[in-house]
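Values quoted throughout were computed directly from the atomic coordinates according to the rules given, and no laboratory measurement underlies them. Bear in mind that the values here come from a model prediction, so they are computed numbers and not experimental data. Cβ placement follows ideal geometry from the backbone for every residue including glycine, while neighbour counts extend to all protein chains displayed.
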Amino acid sequence: MRGDGARYRLGTRPGRRGAPVSGPAFAPCATAGPDAGRLLLERQVERLAGEVAEATRRLARALEDKDRLGRILNSVIETLEAGVILVGDGGRPLAHNAAARSMGAVHPAADGWRLAGCLPAACAQGRVEGRPLRPAGDDGPAWLVRSTPVDLGPEGRAVVLLVSDVTETLALEERAHRRSRLENLGRAVAEIAHQIRNPLGGIELFASMLIDDLADRPREREIAEQILVTVRSLSGTVTHLLGTVRGGRTVLRASDLVALVEEVVASVRPIAEARTVQLEVAAPAGPVTAPVDGEALRQAVLNLVANALDVSPPEAVVRVTVGRAGETAVITVDDAGPGVPERDRPRIFEPFWSTRPDGTGLGLAVVERVALAHGGSVRVGRSPLGGARFELAVPVDGAGRADREGDEA
């Protein structure tokens, strides 16, 4: 404001005769007022709206990316061969993939989904399981379960279970382990056979000479002849057993397993009577026929029965059962001894491994080798008599690695 009466508005500065001169810090008063404020506010709203729109677009893109990654992750989890289960605090499955359903790790219930019976313990432990689980028993699948706790924030804590079916892996490991056992057994039996054959040869020679010397003494000559027959039979058994454990060709002949078992039992019955052990045979009235190598199978059954007699207390029962289960003939030997602890069963057929201090660890290894040569199996379990039960199974159609009589070129 100046003394000559000229007036200046805020935002102007004097020029010639009061003409307004624009400057960066001032605006003519004519642009001020409600309209200018509204215009400024509209521009600010427009700018903020643009920023919000851009932020919304960025958020939408982020949500789309997150949703896409979520779908990819879900697709990957669904295609995994291992079962993946998210388990809540109450032990209820919150989410799972297709593999978990197909393998039976989760199953539908009236109020949703439930875990398989063996899995809640894995959730509680919250660590990698050291040994596979057998949800359906020893003959069923084997699962390796890994559990990892996770924090879901406000929703609480949960556990992620990774359930892998390792049945085939364990089977491959068992086959490799079995191959190693059989190689060890072959070497051991070869050494034993060599050590036995030499004295047997000497005994056979001396028995033959004795027979000649006893030509005029028929009673003593008959005893010498029995010695010679027994020695030759034992020598043949050693040779045959050596061929079996080395994996040689085994010729199968249709045989009555009931008669074979009764023959074995008759040979050891005097031992059972001397130990006051009752030796029983349970078999059907008719024959149970299967193509087998009679000599090898007879030795295997003898090993099982002899082991049962060795561990049986006086007045106990050893029962040998012959029967069929579908297309398989089964010879079962039950005893009332101490049994085989479950922890020892995986190793019971290993050469040189025995639960008894005086055991050689070869008898059961030979049994397993004979069973495998017939395409069969042998397994150990708990007997109803309180001790061990051994089941020796061979196919009745002769399927396996052995050769039928007459099949050789």
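Which ordering of LEU279, LEU214 is given by a fewest-first count of other beta-carbon atoms within 10 Å?
With the fewest neighbours first, LEU279, LEU214 line up as LEU214, LEU279.
For ALA215 and GLU280 in the same chain, what is the full-extension length gain: residue separation times 0.36 nm, less their Cα-Cα distance, in nm? Intermediate results must be reported in sequence, preceding the final value.
Numbers: separation 65, 0.36 × 65 = 23.40 nm, distance 4.23 nm.
Value of the extension gain: 19.2 nm.
Net charge within 13 Å of SER208 by Cβ-Cβ distance, Lys/Arg positive one each and Asp/Glu negative one each, not counting SER208 itself?
After counting each charged neighbour, the total is -2.
So if each residue of separation counts as 0.36 nm, and I subtract the Cα-Cα distance between ALA266 and LEU40, what length gain in nm does that give?
Length gained between ALA266 and LEU40: 69.8 nm.
Report the Cα centroid-to-centroid distance between segment 256-330 and segment 158-226 in angstrom, as an integer.
Result: 19 Å between the Cα centres.
Tell me, in nm to one decimal, what length is gained between ILE223 and LEU205 on full extension, where the rule is 0.36 nm per residue of separation less the Cα-Cα distance?
Extra length from ILE223 to LEU205 when fully extended: 5.0 nm.
Separation between the ALA190 and ALA95 pseudo-spin-labels, each 7 Å from Cα along Cα→Cβ, expressed in nm?
5.9
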